[in-house]
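The values are calculated or read from the model by the stated rules, or taken from the named source; none is laboratory data. Bear in mind that the values here come from a model prediction, so they are computed numbers and not experimental data. Reconstructed Cβ throughout: ideal geometry from the backbone, glycine too, with neighbour counts over all protein chains shown.
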């Protein structure tokens with residue numbers, strides 16, 4: 001395929017079909033850099049959907065990547081449940097004190113109405129306006145936290161582990177509430193114009209739970225929830241490992257998986273080939289101190305390991321580029337994928 | 001204490017089997033001091049689990065539950081004020097600038113289960129932390145973070161402590177440090193922990209340097 005005549009949407013769909021497009025698609029999953037582009041503090045930037053629309057469009061033009069990222073910040077879902085969002089000047093907004101302070105609070109938790117919750121409405125408005133701008137040329141990625149991973153922000157990791165191990169009935173109740181919210185929130189984003197939903201599920205990674213536990217919990221939750229979502233999904237492990245559960249993730253019905261830099265991309269690709277596409281796995285934290293040469297080297301390594309045969313989207317390993325990553329590094333990554341990602345990948349022969 | 005005891009204890013922890021872990025502890029024999037059991041069985045078991053997590057063999061849920069079980073067991077036989085707790089420097093642990101407690105809880109549990117004692121400062125911001133460390137005359141400060149911006153604030157903690165003339169060794173830990181093994185040097189820490197069990201060996205090394 002000729003790179004100039006191919007849209008990002010065609011490029012991405014081709015690779016998701018496990019075919020080689022004109023070049024390796026590149027998802028720059030940047031949120032905070034949009035604020036930099038429009039010259040606004042992070043809190044101000046996210047206060048108005050038009051800022052996010054402008055930020056995403058400028059990032060797209062500047063880095064020539066292959067998606068629009070409709071994601072604001074993870075605690076937007078916590079805000080919907082009545083929790084606190086803590087903004088800082090140089091990083092992603094964080095969740096404040098947990099909304100579930102004791103296990104008993106779960107019984108009183110209500111599922112937010114996604115269409116009448118102001119913080120969610122802003123995201124939907126941004127997606128709707130972005131869709132108007134890019135139409136069908138560029139995929140728009142909406143984001144949900146998986147019902148199984150959201151409790152880390154709802155109640156804290158320690159209390160959540162205690163719940164998982166000690167109170168299966170209350171755990172099941174919380175999953176039921178979160179599943180209802182997750183499906184509704186994903187479907188609202190699809191209706192607003194998102195092309196696909198990124199289902200962030202780090203707690204299902206084998207970094208966090210054993211496969212045995214996953215099959216009883218996160219896997220079952222994902223199967224049920226993804227079936228309720230009216231569009232394609234990609235499951236993202238947000239830096240967590242997943243090689244031992246690749247087949248299980250694939251069986252949940254998701255189209256792609258976002259993988260960790262702590263795993264060998266070649267092994268991941270082998271496990272995924274023909275079944276599920278791979279998104280990853282540049283190290284976003286190390287990226288903060290990369291040179292342009294480092295960026296090129298890492299991009300080439302990733303493409304050499306996972307590019308052949310399609311089924312691969314180059315991205316970071318966490319699903320969010322740290323604010324501290326310099327623009328020069330993002331430019332170098334973009335240039336490298338445009339230079340070395342062109343199919344056929346003849347230069348990888350013999351590596 | 002045999003390797004089999006450590007194997008069995010490790011298995012009990014991985015299976016989150018509190019009863020089996022307690023039975024192994026009770027079978028240790030009266031001639032084995034609690035601190036000896038902590039050093040010869042609990043610590044090796046926790047180290048195996050911590051190393052297994054780093055290598056991708058075990059999950060964080062197992063590391064967390066192992067720490068909690070061991071902390072409870074050791075507290076029963078070796079209360080906080082017991083003179084058998086190790087002769088040690090003044091230590092404190094905190095979370096810097098965010099609300100994600102898990103890392104701090106695990107390190108705290110692992111250290112206490114290994115016979116150490118330390119103050120738990122909870123969530124702190126830079127200035128309050130510096131003031132508390134100076135007031136308590138802390139020798140070793142463990143700082144746990146989840147977010148990169150919080151990790152970068154350790155540099156400010158270090159600068160402020162230096163300015164006050166506090167001779168404190170800083171040990172950094174948390175996700176950003178596992179994804180960039182140079183970051184602890186960038187922020188001016190004296191050492192980093194890759195997982196909770198790492199904390200024991202890192203502290204022991206610092207203690208050797210202090211002796």
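Please verify whether residue B:60 is outside the structural domain of residue B:192 (by TED's automatic domain parsing), closer than 19 Å to residue B:201 by Cα and touching a helix residue (DSSP H, G or I) at 6+ places or on another chain (Cβ under 7 Å), treating the condition exactly as stated. Spelling it out, it is not the case that residue B:60 is outside the structural domain of residue B:192 (by TED's automatic domain parsing), closer than 19 Å to residue B:201 by Cα and touching a helix residue (DSSP H, G or I) at 6+ places or on another chain (Cβ under 7 Å). Just to be sure I understand the filter: pairs with C-beta atoms under 7 Å, separated by 6 or more residues or on different chains, first member in segment A:149-165 and facing chain B (nearest Cβ under 8 Å) and closer than 16 Å to residue A:176 by Cβ, second member modelled with pLDDT of 95 or more and in a helix (DSSP H, G or I). Which pairs pass? Listed by first residue and then by second, the contacts come to A:164/A:171.
Taken over segment B:15-56, the residue count meeting the criterion of being buried (at least 20 other Cβ atoms within 10 Å of the Cβ) and under 19 Å from the mean Cα position of the chain (by Cα) is 13. Scanning segment A:194-230 for residues that are assigned to a helix (DSSP H, G or I), more than 14 Å from every other protein chain (Cβ to nearest Cβ) and touching a residue at least 60 places away in the same chain (Cβ under 8 Å) yields A:221, A:222, A:225. A single member of A:32, A:28, A:40 is within 14 Å of another protein chain (Cβ to nearest Cβ), out of contact with any strand residue (DSSP E or B) (no Cβ under 6 Å at 6 or more places or on another chain) and modelled with pLDDT of 95 or more, and it is A:32. Quick one: would you say residue A:128 is surrounded by fewer than 18 Cβ atoms within 10 Å (Cβ to Cβ) and in contact (Cβ under 8 Å) with a residue 40 or more places away in the chain? So residue A:128 does not fit the description; no. Filtered by the rule that a residue be part of a loop (DSSP other than H, G, I, E, B) and modelled with pLDDT of 95 or more, segment A:1-19 gives A:6, A:7, A:17, A:18, A:19. Filtered by the rule that a residue be more than 14 Å from chain B (Cβ to nearest Cβ) and in a helix (DSSP H, G or I), segment A:272-300 gives A:272, A:292, A:293, A:295, A:296, A:297, A:299, A:300. Here segment A:8-34 is the region considered, the condition is being buried (at least 19 other Cβ atoms within 10 Å of the Cβ) and free of Cβ contacts under 8 Å to residues at least 60 places away in the same chain, and the residue that is nearest to residue A:276 (Cα to Cα) is A:11. Being away from chain B (no Cβ under 14 Å), within 18 Å of residue A:81 (Cβ to Cβ) and part of a helix (DSSP H, G or I) holds for only one residue in A:186, A:191, and it is A:186.
Only one entry of B:96, B:161 meets the criterion of being within 30 Å of residue A:242 (Cβ to Cβ) and not assigned by TED's automatic domain parsing to the domain that holds residue B:17, and that entry is B:96.
Residue B:60 fulfils the conditions (1) within 18 Å of the chain's Cα centre (by Cα); (2) more than 14 Å from chain A (Cβ to nearest Cβ) except for a single criterion, (2).
Got at least one residue in segment B:81-95 being at pLDDT 85 or above, surrounded by fewer than 21 Cβ atoms within 10 Å (Cβ to Cβ) and part of a helix (DSSP H, G or I)? No, because not a single residue in segment B:81-95 is at pLDDT 85 or above, surrounded by fewer than 21 Cβ atoms within 10 Å (Cβ to Cβ) and part of a helix (DSSP H, G or I). Considered as a group, the residues in segment A:252-271 that are in contact with a strand residue (DSSP E or B) (Cβ under 8 Å, 6 or more places away or on another chain) and within 14 Å of another protein chain (Cβ to nearest Cβ) include one that is surrounded by the fewest Cβ atoms within 10 Å (Cβ to Cβ), and that residue is A:261.
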